[in-house]
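Let me begin by presenting the structure, written as structure tokens, before commenting on it.
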Amino acid sequence: MTSRASHILLVLAAFLTGLVIFLGVFMFATGNLGSGGSGAPGASAIGGPFQLIDQDGKPITDQDMKGKPFLVFFGFTHCPDVCPTTLFEVSELMRALGKDADRTAALFISVDPERDTPAKMKDYLSSFDPRVRGATGSRPAVEAAEKAYRVYAKKVPSDKVKDDYSMDHTALVYLMDKQGRFVAPFSLKRPPAEAAAELRKYL
């Protein structure tokens, strides 16, 4: 075998090794590794038990959400743009669903429980569709929910106002089926009627 052929084989072997490692890391991160061929990407890795408090001060758990397909979104009431925009889009989706909206649900979980009390959540959500339910709780309870959904959230101190801060957080909208199992990220960046047509598939 010539040195040139040997070099090509070494490069090819290195590429294939890197590809295998990349696919392994990707499958682990998305929850596909060891999913048993369920056909639901990340179903075993995203979602799970949580025990929080809704905007009316009542306990809310993952069990309360089952029975309907539902959307889950993490954010906070002091959010200047992404959170209110997403909640507006969810509200538009509910409007597009018409009578089918009562057969679905949406849950907005705060990543800032120190400021987002149930009363604060209730006042904030009054600007959006009434079917959007809020959830907050103790810091450990919120962190347990973040962990279940693989959500990243971190305080970012303000460089303008002393003791003020914002929250850097995952902005995905999660689509869960009637059994509370993760289906896929749900895109709201499209016409509400189109998003409603997709959600109806899971009713």
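Each value in this text was obtained by applying a stated rule to the coordinates, not by laboratory testing. Only a predicted model underlies this, so the values are computations on that prediction, with no experimental measurement involved. Don't worry about glycine lacking a Cβ; one is built from the backbone with ideal geometry, like all the others, and counts go over all protein chains shown.
Do any of LYS66/LYS155; LYS178/LYS201; LYS154/LYS178; LYS99/LYS201 go past 21 Å between their Cα atoms, and which?
The answer is LYS66/LYS155; LYS154/LYS178.
Reachable aspartates and glutamates from LYS189, Cα under 15 Å, same-chain residues fewer than 8 places away excluded?
ASP81, GLU89, GLU92, GLU198
Which ³J(HN,Hα) values, rounded to whole Hz and listed in residue order, are derived for segment 61-72 from phi using the Karplus coefficients 6.51, -1.76 and 1.60 in 6.51 cos²θ - 1.76 cosθ + 1.60 with θ = phi - 60°, glycine and proline given as x?
Working through the residues one at a time gives 10, 4, 5, 5, 8, 6, x, 9, x, 9, 9, 10 Hz.
Given a Förster distance of 41 angstrom, what is the FRET efficiency for VAL82 paired with THR61, based on the Cβ-Cβ distance and rounded to 0.05?
0.95
Residue-wise, which Karplus ³J(HN,Hα) couplings in Hz belong to segment 84-91, taking 6.51 cos²θ - 1.76 cosθ + 1.60, θ = phi - 60°, and x for glycine or proline?
With the stated coefficients, segment 84-91 comes to x, 5, 5, 5, 5, 5, 5, 4 Hz.
Under 25 Å from the Cα of LYS160, which lysines turn up, not counting those fewer than eight places away in the same chain?
Within reach: LYS120.
Of HIS169, HIS78, how do they rank once you tally other Cβ atoms within 10 Å and put the fewest first?
HIS78, HIS169
Determine the sum of side-chain charges near THR85: Lys and Arg each +1, Asp and Glu each -1, restricted to other residues whose C-beta is under 15 angstrom from that of THR85.
Net of charged neighbours comes to -2.
Under the rule of at least 5 residues apart or a separate chain, name every residue whose amide H is placed under 5 Å from the amide H of ARG133.
ALA106, LEU107, PHE108
Based on the mean of other Cβ atoms within 10 Å per residue, sort peptides 112-123, 56-67 so the most packed one is first. Please list the in-between numbers first.
Details: 112-123: 17.4, 56-67: 14.4.
Taking the mean over residues of other Cβ atoms within 10 Å, the ranking is 112-123, 56-67.
Can you list the aspartates and glutamates whose alpha carbon sits under 12 Å from that of LYS122, skipping same-chain ones fewer than 8 residues off?
Filter leaves ASP54, ASP56.
Just the projected area, averaged over all directions, of the convex hull on the alpha carbon atoms of segment 51-200: how many nm²?
Quarter of the Cα hull surface area: 8.6 nm².
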